[in-house]
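One structure below.
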Amino acid sequence: MSVYGNNQQSSPKRLRIRHIQAMKDQGQPISALTSYDALSARIFAEAGIDILLVGDSAANVVFGRASTLSMSLNEMAVLGRAVADAAPRPLVVVDLPFGSYEVSCEQGVQSAIELMKATGADAIKLEGERPELIRAIVQAGIPVMAHLGFTPQSEHALGGFVVQGKGEARETLFQSARRVEEAGAFAVVLEMVPQEIAGEISAALRIPTIGIGAGNATDGQILVWTDAFGLGQGRAPRFVRRFADVASVLDQAAREYIQEVHARTFPAEAESFSDTEER
Ligand code: KIV
């Protein structure tokens, strides 16, 4: 049983970054999922999730676009607000979208402030090794989750969805992880990296590592929820485990509904109002 998981008696009302750090210190695995709306946020929060990430994967999942590059600060703000309002207990992290922090540290700090004000989230996440920017945002009082390894906003520069940190790139990844920790990040996502290097980084860093396609030795795991629960489109990446088939459940429910409407068996008497009823 988790020290901070779905245990109402011992769990704090709201998870803070210090609780996430305590989980690492106590060797307690950290659970994280993406969420983009109040419906899923409420369900995952009730289930005891530790971290909800309002990822810019919303571009694919919510808006059906091909890449995350098109997401705007306003779009992230709207989705972030819905999740933060619906899930008061998990730590809610919102992605800084592409184009909102690359120009300068000032631009990044401004965007982070805007997102925190608009969403009521607990932290922001940004991709790549950017120690100066992380330092500046932390200095402004905003917790930062870093994101290394495969970083989808750089998919064109990285040449597609390719495993990072292999061979000679291993040491670079290790040093990047050290630098984001030194800059003040409270956690770091490691995406699509070999499990050996993810394990080494997790053992070497004081802050928690959250893996996605990074093996089992990271301090926590995150998945895009629609991939994990069977609502995603297309083939899910190899590192995803399907914990449910929500698409089939919805498909079946929709077919039954349509059939009952066509057959005039919905709504029934009990589902209708009558003139003669008192209330
Ligand atoms: O945008 C996102 O969903 C992410 C996760 C894949 C970590 O960054």
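Restricting the search to region 133-142, which residues are surrounded by fewer than 23 Cβ atoms within 10 Å (Cβ to Cβ) and either among the β-branched types (Val, Ile, Thr) or in contact (Cβ under 8 Å) with a residue 60 or more places away in the chain (or both)?
Once the filter is applied, which keeps residues that are surrounded by fewer than 23 Cβ atoms within 10 Å (Cβ to Cβ) and either among the β-branched types (Val, Ile, Thr) or in contact (Cβ under 8 Å) with a residue 60 or more places away in the chain (or both), region 133-142 yields Val138, Ile142.
Here Cys105 fulfils each of the conditions (1) surrounded by fewer than 18 Cβ atoms within 10 Å (Cβ to Cβ); (2) within 15 Å of the ligand (Cβ to nearest atom) apart from (2).
For the criterion of being closer than 22 Å to Glu127 by Cα, of a type outside the set (D, E, K, R) and either more than 17 Å from the chain's Cα centre (by Cα) or at pLDDT below 95 (or both), Ser31 fails.
Across region 144-160, the number of residues qualifying as in contact with a helix residue (DSSP H, G or I) (Cβ under 8 Å, 6 or more places away or on another chain), free of Cβ contacts under 8 Å to residues at least 60 places away in the same chain and surrounded by 23 or more Cβ atoms within 10 Å (Cβ to Cβ) comes to 3. When Met23 is tested against (1) open to solvent by less than 10 Å² (accessible area, probe 1.4 Å); (2) within 15 Å of the chain's Cα centre (by Cα), only condition (2) is not met.
Here Ala86 qualifies as in contact with a Ser or Thr (Cβ under 9 Å, 6 or more places away or on another chain) and either open to solvent by 10 Å² or more (accessible area, probe 1.4 Å) or more than 14 Å from the ligand (Cβ to nearest atom) (or both). Comparison of Val240, Val246 shows that the only residue that is of a type outside the set (S, T, N, Q), within 19 Å of Ala58 (Cα to Cα) and away from the ligand (no atom under 12 Å from the Cβ) is Val246. Name the residue, out of Gly141, Gly184, that is touching a helix residue (DSSP H, G or I) at 6+ places or on another chain (Cβ under 8 Å) and among the small types (Gly, Ala, Ser). Step by step, each of Gly141, Gly184 is checked, and only Gly184 is touching a helix residue (DSSP H, G or I) at 6+ places or on another chain (Cβ under 8 Å) and among the small types (Gly, Ala, Ser). One residue stands out in region 205-225 among those that are more than 10 Å from the ligand (Cβ to nearest atom) and over 17 Å from Arg16 (Cα atoms): the one that is most open to solvent (accessible area, probe 1.4 Å), namely Asn216. Restricting the search to region 185-204, which residues are open to solvent by 10 Å² or more (accessible area, probe 1.4 Å), farther than 18 Å from Gln28 by Cβ and in contact with a strand residue (DSSP E or B) (Cβ under 7 Å, 6 or more places away or on another chain)? Within region 185-204, Glu191, Met192 meet the criteria.
Return the residue satisfying two criteria in turn: it lies in region 46-68 and is more than 12 Å from the ligand (Cβ to nearest atom) and more than 13 Å from the chain's Cα centre (by Cα), and of such residues it is most open to solvent (accessible area, probe 1.4 Å). Among those that are more than 12 Å from the ligand (Cβ to nearest atom) and more than 13 Å from the chain's Cα centre (by Cα), it is Glu46.
The values are calculated or read from the model by the stated rules, or taken from the named source; none is laboratory data. Keep in mind that what you see is a predicted model, and the values were worked out from it rather than measured. Using ideal geometry, Cβ is built from the backbone for each residue, glycine included, and neighbour counts are taken over all protein chains shown. Please note that ligands, DNA and RNA were not included when accessible areas were found on the heavy atoms of the full protein model with its side chains. Shrake-Rupley method; radii C 1.70, N 1.55, O 1.52, S 1.80 Å.
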